[in-house]
Amino acid sequence: MKIGELAELTGLAPSRIRFYERIGLLTTVSRKANGYRTYPAEAVTMLKLIATAQQAGFSLDELRALLPADLDDWDHGALLESLQQKVRDIEEIQARLAQSKAQLLEVLAEIEAKPDDMDCATNARRVLTQLGLGKKNKVASKSQGG
């Protein structure tokens, strides 16, 4: 099949397909005498694998090391280990994001709890003190001559 048809079947731009070919991720390409690229049906599967893996957070270098030139040559053990490691990486990121979200929600709740008769600057100092940040800032400013 030609690149336009492959692009339509995969949802990828022809330039992206040529890029994957150029960096060695897509190796099932042949050229006709007129220089046109032709792709086997297997290229659809390979490109969908690449796109899915990138969405899951795999880098191009990781994919290059993981994906075989021929799907029949896949190292099952290496594939499983790579996928398990990526799941662990995602879980770590999720934990950090959950912690950041909780901290932001705490700050937001404190800011929203501003008494009606309090100005923003005083409220900011109140929030920093509530969160244990005010004392650190005062110590830092005193040590810097402030």
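Read-outs throughout are calculated quantities, based only on the coordinates presented, and are distinct from any laboratory measurement. None of the values given here were measured: they were computed from a predicted structure. Neighbour counts are summed over all protein chains in view; Cβ atoms, including those assigned to glycine, are modelled from backbone coordinates with ideal geometry.
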- Query: Does a label point 7 Å from the Cα of Ser59, set along Cα-to-beta-carbon, have any residues of the stretch 83-108 with amide nitrogen under 17 Å, and which are they?
  - Reply: 83, 85-90, 93
- Please identify, among Glu81, Glu62, Glu110, the residue showing maximal mean-square fluctuation in a Gaussian network model of the chain using a 10 angstrom Cα cutoff. Glu110
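Quick one: Kirkwood hydrodynamic radius for the stretch 83-129, alpha-carbon pairs, angstrom, one decimal? Intermediate values should be presented prior to the final figure.
Details: mean 1/r = 0.0786 Å⁻¹.
Kirkwood hydrodynamic radius for the stretch 83-129: 12.7 Å.
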- Task: Take the Cα radius of gyration of the chain and divide it by 2.2 N^0.38 Å, with N its residue count; two decimals is plenty.
- Result: 1.81
- What is the ratio of the Cα radius of gyration of the stretch 1-74 to 2.2 N^0.38 Å, where N is its residue count, to two decimals? 1.05
- Based solely on its DSSP helices, what 222 nm [θ] is calculated for the chain when runs of n ≥ 4 H residues each add -39,500 (n - 2.57) and the sum is averaged over all residues, nearest 500 deg cm²/dmol? -21000 deg cm²/dmol
- Message: Below 13 angstrom from the Cβ of Gly57, what's the summed charge of the other residues (Lys, Arg +1; Asp, Glu -1)?
- Response: -3
